[in-house]
1. Can you tell me which residue in the stretch 312-360 is surrounded by the fewest Cβ atoms within 10 Å (Cβ to Cβ), limited to those that are among the β-branched types (Val, Ile, Thr) and assigned to a strand (DSSP E or B)?
2. Quick check, is residue 268 buried (at least 18 other Cβ atoms within 10 Å of the Cβ) and either free of Cβ contacts under 8 Å to residues at least 12 places away in the same chain or not β-branched (Val, Ile, Thr) (or both)?
3. Just wondering, is there one or more residues in the stretch 656-674 that are within 13 Å of residue 735 (Cβ to Cβ), buried (at least 19 other Cβ atoms within 10 Å of the Cβ) and within 30 Å of the chain's Cα centre (by Cα)?
4. If you go through the stretch 530-549 one residue at a time, do you hit one that is of a type outside the set (Ser, Thr, Tyr), touching a Cys at 6+ places or on another chain (Cβ under 9 Å) and modelled with pLDDT of 95 or more?
5. Applying the selection to the stretch 585-607, what residues are part of a strand (DSSP E or B) and free of Cβ contacts under 8 Å to residues at least 40 places away in the same chain?
6. From 583, 606, 531, 556, which residue is within 24 Å of residue 686 (Cα to Cα), aromatic (Phe, Trp, Tyr) and touching a strand residue (DSSP E or B) at 6+ places or on another chain (Cβ under 7 Å)?
7. Against the definition (in the same structural domain as residue 429 (by TED's automatic domain parsing), surrounded by 20 or more Cβ atoms within 10 Å (Cβ to Cβ) and at pLDDT 95 or above), how does residue 474 come out, yes or no?
8. I need the full set of residues from the stretch 712-732 which are farther than 17 Å from residue 291 by Cα and in a loop (DSSP other than H, G, I, E, B), in order please.
Amino acid sequence: LIYQPRRLELTTGADGIESLACYLNLPHDNNDIASSGESLRLVKGGARRNFSYRALWGEEIASASMGDDGVVIEASGLEKDSPYHLGFSWWHTDNKDRIQSVTIDRGEGTEKHLLIDRQTVPMWHNKEKTDPQQIELSIPAEAYASGKLRILFTSVADGPPAVANEVWLRKGSVSLLPDQFTAFNEIPRARHTMTGQLYAEDPVGRLVDPGIRYMPDDRFYVDFVTDNPFTNLEQYGLGIKLAQKINLNIYDFPTVCLWYANHGGYGGGKATNDTVGAVAEMDEIVKSGFLKYSRAAVRLVPDCYSKNNQQGWWDDEHFQQHGSTNLGDFKGGTYKAPYETSEKWGKAVTQRGGIPLTYGQTGFRSEDYAHQFPEHMLFNNSTAWMNESYKRPLDDDEFWGNAWLKSFRVWSYDYTDPGFVQHVKQGYAAYRSGGIKGLMFDYPARGWASGGGMEDKYATTSRAYRDIFRLAREGLGEDCFLHERNMERGSDITLGLVASQRTENDTDRVSPQVITRCGLRWYKNRVVVNYDTDSKNIYRLRNNRDAVRSLLTMSYVTTGRLLLANSFSQLSPEIIHDLTRIYPFHTTPKTHRPVDAFTQTYPRVYDFEVSPVWHQLIFFNPDDKAPMSVDVELAGSTAEGTLGLNPDEDYYVYDFWNDSFVGKIQGDRKLSQPLRPGEVRMMSIHQVSAFPQFISTNRHIMQGYLDMTDTAWLTEQKRLRGVSQVVAADPYVVTIATNGYAPKEATTNDPTVQLAIEEAGSGLAKLTITAQENTSVQWYVQFKHP
């Protein structure tokens, strides 16, 4: 928590002159006297009410005074000829409305002045989340003619006790805050000084033996010197990567999730979530021709929610016995002949050119395992209850057959127990024998042993949790892909071990909210972890190509992984084509920056700086019902939402999906584009050179960043040279800005490759390269100067 004391924040009025006379942080402060003689004193309602959410609004707002008969503050020492303002803040976190009034008087039996009448105090609870509010009100002079007054916070009859968080007295005619209630963070908060409170905690903590000195290697990151918020956050992400020695494995391939593809309500039921289905799906991927462009993965999901299931066992025998109980008419186990073992199905997918991935439920219980191996369970107890009130008899089949209920009430596996660790290692060895390259950890919070009970008495909850993923990474290999469905706790404690984390609950849809949740984490995405928005149903969007391209493009731009809810058998050649334009994902530890992150609810402009003279720019219309104009200033401070280009240079802009030359634009101008409903445009921006230059390719939405591995202008020969990664039987087109030169011919040393160069108008030329197989092509275009 980094904050400044509220007393300091409220010091001056709107005119910048010091005017705060007295301040009470209730109920911690019960008396305050100003140097000029004024004072505030809490005289009734001293009961303490504690709240959370310090990080949102500050330490002072996390507590309040409360009283059944109201909260009463006495002010004295007031100068009758000086104007004063009364300021206060209030809120609560209960589920029942508080309706309060605020009055002032000179004491019992005197005239009352009503300042606030029956106002609903802001609530922060499940049914409503409203920020705390604050206000400053002018105090009528007649109310303090005697030099003192009372301030009364009262609740309506039969209502909850009245609350007040802060009360202050400002001397002078100029207030700081409006005389209408405003949300706590709506008004700019004056920054005079900042105080930092940094802490780390663990539910169990580490045992330190007598005579032993233990110094943890925990670290904090604080940046006081970087004033650009984008640069600040990006440096933070890279700092985490360095400090935690993160070598992130990138999902440069798509993954078909067989659970979603098998589910009729999600992917359409055109695939089967068993080992035979996994191999069949890999055959569909091969048949589509996609592997010419990229690798691809198939994820098997052996999930069973019955009393006894695969969890804990994680062996061929139990995968053969149990299937997916929540996939309706699913029959038999997940492992079926002729691919009835991890080794067999993993090798079958691998031999077809695919990447086999699988799934486990971390700490979800299988009762037969728990009772056969109680020594492998936390507290060495097959039924260690999280709370005594949860206890159920062992013959309560309704309870023990409910996987979610029991797993949230009874402790599970002990990942520090040597016997269980050895058992888990055997499971990973079986996976590795089949070349299985990754694992999804579902419900990972069930592995968070916050109650202790671990065999290793030196283990903390955090270390034991990391060990879950460390065992998997060591067992499957450093190049594996571990996925943490990290929805409950939101911790980054596994960074350096996991390859991806989920940001959404189960879904096969995309929305501006989904895109933005990842987009605003750009500084960590593909740097310390790959963010995964769960599955996406492209087939559902098949009749709207803008929607398909938007889903694909924004998945590339804002996430680190695309999980498909569809079988490849459902995808048309057009969808396959568009899918190939975002693969492979780049492996650079960098993601498009949301340029308007601080000005738009849903950022519309994302920028990837390849170099100071080359940017890949996204315009995104989050409204799928109406067209929208999107624009961005090319030059200026990037902290202000610009691209930071050179205002004295000119730039070419080329639109990838529309295969359109946007034009040549001066660096001191604004780039504006009209977008269709839900449309996304990926545009390549290149600074204009004095000689011919490439400005786009048609292979990938990054327009040469991945596929154009080298390019150079050979001045004396008047030749443009390039090296391109060309896909078999897919004409590869390079768009060239001729810059006053005329193209004569295109050549290559590879006789199996065909080249053609033609002028395309607007000062452009198109070089088309066609190869019979995937190959790296070195090409030349000869120019003449007019």
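The values are calculated or read from the model by the stated rules, or taken from the named source; none is laboratory data. Note that the coordinates shown come from a computational prediction; the quantities given were computed from them, not determined experimentally. Every residue, glycine as well, gets a Cβ built from its backbone with ideal geometry; the counts of neighbours run over all protein chains shown.
1. 355
2. Answer is yes for this residue.
3. Checking the stretch 656-674: at least one residue is within 13 Å of residue 735 (Cβ to Cβ), buried (at least 19 other Cβ atoms within 10 Å of the Cβ) and within 30 Å of the chain's Cα centre (by Cα).
4. Within the stretch 530-549, the first condition is being of a type outside the set (Ser, Thr, Tyr), and the residues that meet it are 530, 532, 534, 536-538, 540-549.
Adding the requirement that they be touching a Cys at 6+ places or on another chain (Cβ under 9 Å) leaves 532, 534.
Then drop every residue that is not modelled with pLDDT of 95 or more, which leaves 532, 534.
Yes, that holds for at least one residue.
5. The answer is 605, 607.
6. Working: 583 fails: touching a strand residue (DSSP E or B) at 6+ places or on another chain (Cβ under 7 Å); 531 fails: within 24 Å of residue 686 (Cα to Cα); 556 fails: touching a strand residue (DSSP E or B) at 6+ places or on another chain (Cβ under 7 Å).
Residue meeting the stated conditions: 606.
7. no
8. 715, 716, 717, 718 - these are the residues of the stretch 712-732 that are farther than 17 Å from residue 291 by Cα and in a loop (DSSP other than H, G, I, E, B).
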